[in-house]
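One structure below.
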Amino acid sequence: MTDSIYFAPLLPWQQSLWDQLTERLLMPPHHLPHALLAAGMSGMGKRAFVWRFVAWLLCHQQASHRQGACGHCESCQWLRSGTHPSLQVLPLASLPLAAEPDNAQEDTKSNSKKSNSSNKSSKASSKAQVTIKVDDIRALQPFIYQGGQGVRICVLDYAEQMTIAAANALLKTLEEPQAQVHLFLLSDTPSKLLPTIKSRVQQLPLQHIEPSVSADYVQQALGSTINREAVSIDEIQQLLQLANGAPLAAIALAQADWYSKRALWLTTWQALRSGKRSSLAASDYWQQQLNLADFIKLTELMLLDIRRINMGLASIQNDTELPKALAQHQPTEMSMQDIVDSLQHIKISLQQNVQEKLAYDKLMQALAEL
């Protein structure tokens, strides 16, 4: 592990793209597209790639360090301190911290400790919920158009969160490229970006990873165990399937405390449904196990597989007795939709600072009725 995402090792599936981009700058005509878009689902490493490339673009020793920023020059020290004069980031919360671990900006890393997991979830959520307003874009203009100051970089994370007015203000910058100014847009949901924005940026091909490369990377990252239990190739394939093929998301999933509690969730649901356990007792128990945000993730994963089985598809989770449980009781589509709606209401309630215990109680009642 390195001391910053800026200097983290290059992810293996990104080597070809890295070589292409660095060669375009180091070889004539020394040209890089004015604006680049790194888009697609979390867990593929797009933020890890962009921050690493930003560090290299600003590095004073880039010609002799083609595989990444040197980590020692004045520019790299500025990055470490979070005060680089040639870098502007929106929202400011997305600026990497000096001691942030590898790939942490991908918002997929989890911690086994409940409190740390909650803090990280809140951090990721706060970033994703920030709206980029027109005044934020206008505030970048002096930095972009100052001229004569060497390489300057603007990073717009969660670019889909731009308001219409902000996107229109950004269009002017995209239509009038400035020498030595590079714009990087990052988006988990590029479908929400205005077509006029997408037509003026070049998308980085970061979304395709060979399955064998993904499996090897996850295997190496997890070593031989998951939560102190031996991990098999089948379990790695299951993790990747649940993570839609995203290696970093698969690793975070395996390391998440809630992932190891899937069998316990199933036992609780069966006890609630049969009346052997009250919703309040189940709520009190689970509040000692997981914060509500993680329990919601766990519930959404289990509901996804329940819906698959209801549709006649195979269960993704081969290490639980979910198919056996559903052979005894199969929720109706209406009850499935009811609990999905309840989850959405609970998420909104949490954003409005509703007490977590009340939300937990409500969710357990919804599970009892599933």
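Observations, loosely collected:
- If you run the Gaussian network model on the chain, springs between alpha carbon atoms under 10 Å, then out of 187, 349, 283 the most flexible one is 349.
- Rounded FRET efficiency, nearest 0.05, which uses the C-beta distance separating residue 300 from residue 15 and R0 of 30 Å: 0.30
- Beta bridges per DSSP with both ends in the chain, % antiparallel, nearest 5: 10
- Close amide H pairs (under 5 Å, H built 1.01 Å from N) link residue 152 with 181, 182, residues at least 5 positions away or on another chain.
- Taken about its Cα centre, the stretch 261-368 carries a charge dipole of about 160 debye when Lys and Arg each add +1 at the Cβ and Asp and Glu each add -1 at the Cβ.
- Think of each Lys and Arg Cβ as +1 and each Asp and Glu Cβ as -1; about the Cα centre, that makes the dipole of the chain roughly 440 debye.
- Amide proton proximity set for residue 231, modelled H, under 5 Å, gap of 5+: 225, 226
- Helical mean residue ellipticity (222 nm; -39500 (n - 2.57) per DSSP H run of 4+; nearest 500) of the chain: -15500 deg cm²/dmol
- Annotation: amide H of residue 69 within the under-5 Å range of 56, sequence separation 5 or more or interchain, hydrogens built in the peptide plane.
- For the listed peptides 332-343, 195-206, 84-95, a ranking on the average number of other beta carbons within 10 Å per residue, highest first, reads 84-95, 195-206, 332-343.
- Full extension of the chain between residue 138 and residue 345 gives 71.0 nm of extra length, using 0.36 nm per residue less the Cα-Cα distance.
- Toward the positive end of the charge dipole of the chain, with +1 on the Cβ of Lys and Arg and -1 on the Cβ of Asp and Glu, the farthest Cα among 242, 14, 196 is that of 196.
- Here residue 192 and residue 232 are evaluated by their C-beta separation; at R0 = 35 Å the FRET efficiency comes out at 0.35.
- The aspartates and glutamates whose alpha-carbon is closer than 15 Å to the alpha-carbon of residue 198, local same-chain residues fewer than 8 away aside, are 157, 160, 175, 188.
- Taking 7 Å steps out from each Cα toward its Cβ at residue 220 and residue 354 produces label points 4.5 nm apart.
- Peptide packing: for 306-312, 133-139, 26-32, the average count of neighbouring Cβ atoms within 10 Å per residue gives the ranking 133-139, 306-312, 26-32, highest mean first.
- Reported to the nearest whole Å, the Cα centre-to-centre distance from the stretch 1-50 to the stretch 263-278 is 47.
- Karplus-derived 3J(HN,Hα) values for the stretch 300-309, using 6.51 cos²θ - 1.76 cosθ + 1.60 with θ = phi - 60°, are 5, 5, 5, 5, 4, 6, 4, 5, 4, 5 Hz; glycine and proline are entered as x.
- Sites residue 330 and residue 241 - FRET efficiency at Förster radius 30 Å, r taken between beta-carbons, to 0.05: 0.85
- Packing, as the average of other Cβ atoms within 10 Å across residues, places the peptides 64-74, 288-298 in the order 288-298, 64-74, highest first.
- Computing Cα extents along the principal axes in Å for the structure here picks out one of (i) 64, 49, 43; (ii) 61, 42, 40; (iii) 73, 44, 36, namely (iii).
- Over 28 Å (Cα to Cα) - which of 192/357; 46/362; 46/172; 133/357; 133/297; 261/357 fall in this group: 192/357; 46/362; 133/357; 133/297
- Gaussian network model of the chain, springs between alpha carbon atoms under 10 Å - residue of 347, 324, 192 with greatest fluctuation: 324
Values quoted throughout were computed directly from the atomic coordinates according to the rules given, and no laboratory measurement underlies them. Nothing here was measured: the structure is a model prediction, and the numbers come from that model. Neighbour counts are summed over all protein chains in view; Cβ atoms, including those assigned to glycine, are modelled from backbone coordinates with ideal geometry.
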